[in-house]
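Q: Structure below; questions to follow.
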Amino acid sequence: MSGKRERLVAFLNENRLIKLIALGLATASIYAIQRITSQLEEYSVPIQVQTEKGVAILRQDARTAYITCRGSLDDLKRIDVKQLSIMATPRVTGVAGTAQVPIGPRDVSGSLRGVTVIKVRPEIVNLAFDREIEKSISIAKPELVGKPLLGRAEVDYEPKIALVRGPKQLLTDLKILRTEPISIDGVADSFSRNIRVQTDIESGVWSVEPAEIAVRVNIVTEAVSKEWTNLSVLALRQTGTRLQFTFSPAVVNLSVLGSPQSISRIDQDGIRVFVDCSDIRQPGTYAMPAGVHLPDSLEVSTAVNPPVISITVEQRPGAAGEEPEAVVVKPPEAEAGKPAVDEDSSPR
C-alpha cells in the first residue's frame, strides 16, 4: 500500500509544471464547450388563446410572453421567432366568465430543434370572455397626410364595408372602421396601394375581413396656359443640303398648357418652333405642320398658331463643292446623323 502511495507522489512531483498547465487547459476547454453549447437567449412571442365556438376574448392582460431558451449558438440562430407562439387553453370558457390560465415551456409551439425553453414570463394570463357576434361596419375614407408636390389629391378605395367578428360588448357601439393613414407629402404622381384596416386584430380582440383595402390616390394638378409671340420658324434639315427654305408666316405664336411648375421652367430662349424639311429634296412650294422643341422633359401640351406653315424651297447659290454657311442647333435628343435645326434658314 505504501508502495502505491510513493509511486503516486512521485508521479505528481515529476513534471509538475507541465501537468498543471495541462489541467488548466482541460478546465478551460470544459468551460468553453459549456459556454458554446449552453447559451441563453430571450425571445418575444405572441400569446394565443383557444376558446370554444361562439365565445370571444373580451379582455386579455398579456398579449406577449418572453421565453428564455438554452442551446448552442448555431441552434439559437436557427430559431424562426415568427413561427413561435404560446397557446393558452382555458379549462372552462363561458360567454361571461373569467379565467386565469397558467403558461409555461410546454405551451410554446414552433420549431425549437436542439433548444430547450427554460422559462416563460408571465406565468399566468388573465382572461375575460364575452359572446361572439358578427357585424358589418363601414370603412372610413383613408386619411391623407401631407401635401402633393403639385395640385391636390383625391382618394378612392374598395371595399367600403368590412365584416367584423368579436365580443358583443366591444362591437355593439362600433359604427366605423379606420385605416392606416397615407402619406402624400411631396408626391408628384398618382399611385395605388393596399393598406390595413385599423382594428385590434393584432391583439386577438376581434377579426376583420378583409384585413386590407385597395386604395387609389389620384394627384390632380391645376393646369395653366402661357403664350409666347413672334417666335421665328426654323428648318429641321439634313446637314449640308443646298436648298434654301423660306417660311410664310416667318414668325408664329405658341401656347403651352401644363402645370405651374412646368410652365415656370420654360425660357423663351430655349423654345424652338421648326418645320421638318429633312425629306424635301427638290425646290418647290410645300405646306408642312409646325413642330415644337422645349428644353428638358416637360409634361405639357403645345399649340402653334398657325399650325401649318407654307414653305418655298429654292436652290441655294454657291460654287461647286462649297458648303453653305449655317448655324446648326441640335436638340438634346437628336442623335448623330439625324436632321438638325438650322437657325440660318429663316427668310431673308
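The values are calculated or read from the model by the stated rules, or taken from the named source; none is laboratory data. Note that the structure is predicted; figures quoted are calculated from it, not measured. Neighbour counts run over all protein chains shown; Cβ positions are idealised from the backbone, glycine included.
Q: Do we have GLY114 as assigned to a loop (DSSP other than H, G, I, E, B), in contact with an Asp or Glu (Cβ under 6 Å, 6 or more places away or on another chain) and modelled with pLDDT under 85 here?
A: On the way: assigned to a loop (DSSP other than H, G, I, E, B): yes; in contact with an Asp or Glu (Cβ under 6 Å, 6 or more places away or on another chain): yes; modelled with pLDDT under 85: yes.
It is true that GLY114 is assigned to a loop (DSSP other than H, G, I, E, B), in contact with an Asp or Glu (Cβ under 6 Å, 6 or more places away or on another chain) and modelled with pLDDT under 85.
Q: Could you check, for the range 316-328, whether at least one of its residues is in contact with a helix residue (DSSP H, G or I) (Cβ under 6 Å, 6 or more places away or on another chain), at pLDDT below 85 and in a loop (DSSP other than H, G, I, E, B)?
A: For the range 316-328, residues in contact with a helix residue (DSSP H, G or I) (Cβ under 6 Å, 6 or more places away or on another chain), at pLDDT below 85 and in a loop (DSSP other than H, G, I, E, B): absent.
Q: Taking the range 164-203, which residues are surrounded by 16 or more Cβ atoms within 10 Å (Cβ to Cβ) and assigned to a strand (DSSP E or B)?
A: VAL164, GLY166, PRO167, LEU177, THR179, ILE182, VAL197
Q: Considering only residues that are at pLDDT below 85, of a type in the set (Val, Ile, Thr) and under 25 Å from ARG152 (Cβ atoms), which ones fall in the range 196-255?
A: Within the range 196-255, VAL220, THR221, VAL224 meet the criteria.
Q: Looking at VAL155 and the list (1) surrounded by 14 or more Cβ atoms within 10 Å (Cβ to Cβ); (2) in contact with a Ser or Thr (Cβ under 8 Å, 6 or more places away or on another chain), which single condition is not satisfied?
A: (2)
Q: Ok, one more. Answer yes if at least one residue in the range 118-141 is outside the structural domain of PRO46 (by TED's automatic domain parsing), in a loop (DSSP other than H, G, I, E, B) and out of contact with any Ser or Thr (no Cβ under 6 Å at 6 or more places or on another chain), and no otherwise.
A: Yes, some residue in the range 118-141 is outside the structural domain of PRO46 (by TED's automatic domain parsing), in a loop (DSSP other than H, G, I, E, B) and out of contact with any Ser or Thr (no Cβ under 6 Å at 6 or more places or on another chain).
Q: Somewhere in the range 172-182, is a residue at pLDDT below 85 and touching a helix residue (DSSP H, G or I) at 6+ places or on another chain (Cβ under 7 Å)?
A: Of all residues in the range 172-182, those at pLDDT below 85 come to 172-174.
Filter once more, keeping what is touching a helix residue (DSSP H, G or I) at 6+ places or on another chain (Cβ under 7 Å): none.
No, the range 172-182 contains no residue that is at pLDDT below 85 and touching a helix residue (DSSP H, G or I) at 6+ places or on another chain (Cβ under 7 Å).
Q: Could you grab me the full set of residues in the range 206-232 that are acidic (Asp, Glu) and touching a residue at least 60 places away in the same chain (Cβ under 8 Å)?
A: Residue satisfying the conditions is GLU222 alone.
Q: Test GLU134 against the criterion of being free of Cβ contacts under 8 Å to residues at least 60 places away in the same chain, loosely packed, with under 14 Cβ neighbours inside 10 Å and under 22 Å from VAL95 (Cβ atoms), and give yes or no.
A: Numbers: free of Cβ contacts under 8 Å to residues at least 60 places away in the same chain: yes; loosely packed, with under 14 Cβ neighbours inside 10 Å: yes; under 22 Å from VAL95 (Cβ atoms): yes.
Against the criterion (free of Cβ contacts under 8 Å to residues at least 60 places away in the same chain, loosely packed, with under 14 Cβ neighbours inside 10 Å and under 22 Å from VAL95 (Cβ atoms)), GLU134 qualifies.
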